[in-house]
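Colleague: This is the structure I have questions about; it appears just below.
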Amino acid sequence: MYIRRKKNTLSIVYSLILATILSVGIIGSIFVYKIVDNINKQHLIDRANTVAQALYKPDLEKLKGSESDLASPSYEAIKNTLTNIRAVNSDVRFAYLVGITDKDVFFYADSEDPTSPDYSPPGETYPEASDLLKSVFLKNQVNIEGPLSDHWGTWISAFAPISLSNDGGITSKMVIGLDIVAHDHIVDGIAYAAIPLISSLLVLIILSSAYKTRKREQEYIAQKEEFLAIAAHEIRAPLTGIRWASEHLLANSKDFPSEDRNVISMIYTSCVNLISRINNLLSLTQIESQSAKTMTLEKVEIRPFIQEIIDNLTLSAKEKNITLTIDSSISNTLSLIVDREKMRQVFLNLISNGVKYTKDNTEVKVEYDLSDHAHVFEIINHSEKISEYDLQHIFDGYYRAKEAIKKSPYGTGIGLFLSKQLIALHKGTLSVWSNENSTTFIVELPR
């Protein structure tokens, strides 16, 4: 029930994150579109205003707004200017000069070739003129409108008034208009506005892919953990029986032939090693799935705790005539608050490794010291010197040192990796150093 509730919570949080990212992308796109729209419109207004100020006013004052202008050099000059303006502004479809009567807006000149069907001769009225265009004449202020449609198409139109002298006064009877295709203006805005939305969609795709991958990994780990738990139980039960039987036989094997005692001893050692590897594999799977993060802490008396581990390894040590020693520095009163089973696995791995790799007729010793910040345990054996490269990788998962492989070709390489992870759960550290005569594993647990 807890796992299901946890999964539901994660799904809700994940959905909220996706919704938030998508919302940010949509809002960002709307915001960018408005900015680009305003910038482009302001740019068009600036150009219209520049054109209005650049036109030669003496020529403007001579225009009548009728067909008679066709023969006027001033009209020709104004029309050429409008044509050139359109030519150098690739986005501008129409450039035109209009005036107003009491009733209608009409054309003075435009940028179209006289042979074009879009050409408007002087004096032609513009019945589709908007109220905003008419207001530019009255208010004498630049303005912009659109998208707005007429019989020529749909446009974004900027208007700039031209102030002309009239009997000593100032009047605004002419307006410059610049039209750009509304579709192009909108597409340009959308192109920029799509960037935040596309970015958010890419993030969503990446997160979705990562989430699905992580979910598949969790399902795989859960299935693997369940399988290993079942397999470990099914295998450990008969192995424990074999171990107990072989241990019992060894304890009563004084009258057995030496060859039989060796066979029984080999069976016992193999069972111990196999049970240890099964325990390591199961614990490693639990740590990968983070189910081992929760610890059961209890007060553990350290000397009998380590003695029990040594007792379980005594037979293996006897085969190589190895002495297992708990130093007197570990007093009978020393106790720590730890997870008994996890710490048992650590010391079992370290001491059994010492038995496996130390030289025959030597000693594996457990020593203790109390520093300012930590309880320090040292597991010392007399193995060959470990190379600097191997020391750097000895705690990596599934890694085995070259000397270890030579000494014992069979092994998983997960014991030290697992031990380091279990010590880390206790907020401690596991390290190693090695010289020509010995190798020492150092366990430090915070005081």
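Colleague: Taking H placed 1.01 Å from N in the peptide plane, check which residues at least 5 places from V432 or on another chain put their amide H under 5 Å from its amide H.
Modeller: It is I442, by chain and number.
Colleague: Next up: For K359 and E308, what does the FRET efficiency come to when R0 = 30 Å and r is the distance between their Cβ atoms, rounded to the nearest 0.05?
Modeller: Efficiency, rounded to the nearest 0.05: 0.75.
Colleague: Using just the alpha carbons, could you tell me how many Å³ per residue the convex hull of the chain encloses? Working shown, then result.
Modeller: On the way: hull volume 125.7 nm³, N = 447.
Measuring per residue, one finds 281 Å³ for the Cα hull of the chain.
Colleague: Report the gain in length on full extension from E388 to E76: 0.36 nm times residue separation, minus Cα-Cα distance, nm rounded to one decimal.
Modeller: My answer for the length gained is 103.2 nm.
Colleague: About the Cα centre of the chain, how large is the charge dipole given +1 on each Lys and Arg Cβ and -1 on each Asp and Glu Cβ? Please answer in debye to the nearest 20.
Modeller: 2060
Colleague: Taking the Cα of T294, stepping 7 Å toward and past its beta carbon, and measuring to each backbone N in segment 415-431: which are under 18 Å?
Modeller: Flagged as within label range: 425-426.
Colleague: Another one. Report the one residue of T333, I278, V355 whose Cα lies farthest in the direction of the positive end of the charge dipole of the chain (charges on C-beta: Lys and Arg +1, Asp and Glu -1; origin at the Cα centre).
Modeller: The Cα lying farthest towards the positive end belongs to T333.
Colleague: Can you work out the FRET efficiency for the pair L207 and I12, with r the C-beta to C-beta distance and R0 = 25 Å, to the nearest 0.05?
Modeller: With R0 = 25 Å, the Cβ-Cβ based efficiency is 0.95.
Colleague: Kindly report the accessible area of the chain per residue (heavy atoms of protein chains, probe 1.4 Å, no ligands, DNA or RNA), in Å².
Modeller: Numbers: 25210 Å² over 447 residues.
Ligands and nucleic acids excluded, the figure is 56 Å² per residue.
Colleague: Another question about this same structure. Summarise the accessible area of the chain (1.4 Å probe, protein heavy atoms) by the percent that is carbon and sulfur. Walk me through the numbers before you get to the answer.
Modeller: Numbers: 14190 of 25210 Å².
Of all accessible area on the chain, carbon and sulfur atoms account for 56 percent.
Colleague: Would you calculate, for the chain, the mean residue ellipticity at 222 nm contributed by helices, counting each DSSP H stretch of 4 or more residues as -39,500 (n - 2.57) and dividing by all residues, to the nearest 500? Walk me through the numbers on the way to the answer.
Modeller: Values: 11 runs with 243 residues, N = 447.
One gets -19000 deg cm²/dmol as the mean residue ellipticity at 222 nm.
Colleague: Expressed in nm to one decimal, what extension gain is obtained for the pair L425 and K139 from 0.36 nm per residue of sequence separation less their Cα-Cα distance?
Modeller: Residue separation times 0.36 nm, minus the Cα-Cα distance, leaves 95.2 nm.
Colleague: Which far-off residues, 5 or more places away or on another chain, put their amide H under 5 Å from the one on S383, with H placed in the peptide plane?
Modeller: Correct list: K359, T439.
Colleague: Could you work out the per residue convex hull volume over the alpha carbons of segment 14-92, in cubic angstrom? Write out the running numbers ahead of the final one.
Modeller: Numbers: hull volume 8.7 nm³, N = 79.
Value for segment 14-92: 110 Å³ per residue.
Colleague: Between S163 and A191, what's the calculated FRET efficiency when r is the beta-carbon distance and R0 is 35 Å? Round to 0.05. Kindly include the intermediate steps, with their values, before the conclusion.
Modeller: Working: r = 38 Å, r/R0 = 1.07.
The computed FRET efficiency comes out at 0.40.
The values are calculated or read from the model by the stated rules, or taken from the named source; none is laboratory data. Note that this is a predicted model, so its numbers are computed, not measured. Every residue, glycine among them, receives a Cβ derived from its backbone with ideal geometry; neighbour counts consider all protein chains shown. Surface areas here come from the heavy atoms of the whole protein model, side chains and all, with no ligands, DNA or RNA. Shrake-Rupley method; radii C 1.70, N 1.55, O 1.52, S 1.80 Å.
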